[in-house]
Each structure stands twice: as C-alpha cells, then as structure tokens.
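One structure below.
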Amino acid sequence: MAEEYSFPPYGEEVSKIIEKFGGKKMETYGGDDITPLWDLRGGPILWSYKYLYSAPKLEKIVVAVQSFKDKLMTYMAAIWPDDEHALPAYSSFWAESEKGSYFIIDFYPTADCICDIPYMEKYLEPLEDIYDEGKKHFPGISTRDPNWFRAMVSPYYINADFHPSTKEKQDQLLKLTTDYLNVYYDLWKKDEPADAEYMKSLNVKKQAIRQNMREKDPGGIMIEHAVGKELAELSLKALF
C-alpha cells in the first residue's frame with residue numbers, strides 16, 4: 001500500500017529551536033506595522049503567517065509558512081545579525097508538494113571568506129560534518145539559482161530539487177534545517193561584538209545581500225499577485 005502523503009512539521013520543529021533564543025515577537029519593524037503578516041490570505045494563498053522576533057545580538061529572526069490551496073507549502077526561516085556582530089545570516093527555504101520539493105539552506109557569510117579565512121573557520125567550518133552528510137543525500141546542484149544568488153552563498157550551501165516528494169526525503173530536509181539552525185544557535189551563544197572598523201565592510205555586504213533579495217526574490221511576484229504590491233513589499237522587507 002502506498003504511503004499517504006502529508007506535509008512536514010517544519011513550523012513546529014523550527015519554532016522549538018527559535019524559542020531557545022529567547023526572542024520577543026515584534027509587532028513593528030522599520031517603522032511599519034507588521035501584524036498584517038501574521039495572517040495573510042489572498043488569491044491562491046489559503047493561509048499563511050510570517051512572524052518576526054527580536055533577540056540579543058540579532059536584528060531579527062523570521063519564521064514564515066504559506067499554504068497555496070493546501071497543495072503547495074512554502075517554509076522559510078531567516079536570522080539576521082545586528083551591526084555589531086559578525087555572524088552570518090541563516091537562511092532556509094523549502095517549497096514542498098506531493099509532486100516534488102525545492103530546498104535551499106545556507107549561512108550567508110558577511111565577510112569575503114577567501115580574504116578572511118579566520119571568519120570561515122569560526123562561523124562556517126562548524127557545519128562541515130552536517131554538510132558532508134547532507135551532500136550524501138543531495139549531491140546535485142539545482143540549475144534554478146541565478147548568478148547573483150550563486151555569488152553570495154557560502155561553501156556550505158545545500159540545495160535540493162527532486163520529484164516526487166517522499167517521507168524519507170522530507171525527514172532528511174527537516175534534519176538539515178534543524179541541524180544548521182542548532183549550529184547557528186551555538187555560534188550565537190558564544191559570539192561577542194566585533195571591532196567597529198572590521199564590521200564596516202561586513203555590514204556593507206550584509207546590506208547588499210538584503211537589497212538583492214528584496215529586489216530579485218521570485219517569491220515577491222507571487223505574493224504581489226495574491227495580496228497586492230503594498231503587502232508584498234512589506235512581506236519582503238520583513239523577510240530580508
């Protein structure tokens with residue numbers, strides 16, 4: 001008998017780890033009321049939520065889940081460091097349906113890793129074993145990623161693009177999501193403010209990553225068609 005398809009418990013499992021940061025749920029961000037993102041519906045979006053949390057050393061933590069007619073789910077989590085800490089940005093995205101999955105996960109480095117090897121050793125090398133295990137399951141490289149995106153990812157970027165979806169693959173992707181997130185939490189606990197002069201170039205790169213994502217993320221067009229330009233822009237601003 002074929003296994004009955006069901007969606008993975010992404011929101012529940014990610015939220016368990018996010019709680020360890022001790023963050024406070026944000027009602028405003030950048031001067032904007034973001035509570036409309038807590039329950040956003042329209043067009044094919046049957047239901048969705050996007051929550052932002054504040055926490056020490058961080059600008060924000062983002063957790064978002066969207067249901068497209070209960071046929072396609074998109075899951076997102078992002079963590080952005082504040083301007084005093086050199087932490088990378090955690091990012092995971094997962095589009096999941098019975099027909100197949102598209103998945104990305106990474107720590108976007110805010111330093112140039114080849115010019116700043118100590119940065120890579122401190123903030124990215126802790127992913128080595130998890131990355132090696134993940135690549136055993138997902139060795140391929142998706143051709144969906146545009147050049148501007150490929151230019152900003154780390155040596156520990158993993159993506160997956162396969163059809164159809166299976167419970168085994170779901171479990172592997174969810175484990176990658178939480179394993180990367182747990183490594184980030186451990187780095188966050190130990191991190192101290194960096195030298196202000198050192199942080200200047202890192203903050204420039206961090207802002208460039210955010211700006212490119214806000215302007216070029218293909219999900220923005222989908223959201224705009226569903227709920228309008230104003231809410232789509234607010235959603236992208238909150239995420240990135």
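Laboratory data are not the source of any read-out in this text; all were calculated from the coordinates shown. Keep in mind that what you see is a predicted model, and the values were worked out from it rather than measured. Cβ sites come from the backbone with ideal geometry, for glycine too, and all protein chains shown count toward neighbours.
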Check cross-link reach from K25 to the lysines: straight Cα distance under 21 Å, and skip same-chain residues fewer than eight apart. K16, K50, K57, K60, K189, K237
Rounded to the nearest 0.05, what FRET efficiency do K71 and K135 give with R0 = 35 Å and r taken as the Cβ-Cβ distance? Could you check? 0.75
Report, in whole Å, the centroid distance computed from the Cα atoms of the stretch 83-147 and the stretch 6-26. 19 Å
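What is the gain in length, in nm to one decimal, between R150 and T166 on full extension, counting 0.36 nm per residue of separation less the C-alpha to C-alpha distance? Could the numbers behind the result be given before it?
Values: separation 16, 0.36 × 16 = 5.76 nm, distance 2.73 nm.
Roughly 3.0 nm would be gained on extension.
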Cross-link reach list, lysines versus K135, counting only Cα pairs under 23 Å and skipping chain neighbours closer than eight places: K99, K122, K167, K169, K175
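Using Cβ contacts closer than 10 Å as the measure, can you line up T110, T177 from fewest to most? Could the numbers behind the result be given before it?
Details: T110 26, T177 23.
In order of increasing Cβ crowding within 10 Å: T177, T110.
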Computed FRET value (nearest 0.05) for N203 with E4, which takes r as the C-beta separation and R₀ as 51 Å: 0.60
Could you calculate the contour length gain from W38 to E125, that is, 0.36 nm times the residue separation minus the distance between their Cα atoms, to one decimal place in nm? 27.8 nm
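May I ask you to derive the relative contact order of the chain, considering only C-alpha pairs under 8 Å and at least 6 residues apart, and to give it as an integer percent? All intermediate terms of the calculation are to be shown ahead of the outcome.
Numbers: 373 pairs, mean separation 46.4, N = 240.
Normalised by residue count, the contact order of the chain is 19 percent.
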Which entry in [x] 152; [y] 126; [z] 176 is this structure's computed volume of the Cα convex hull per residue in Å³? [y]
For the pair D195 and I17, how long in nm is the line joining their label points, each one 7 Å along Cα→Cβ? 3.2 nm
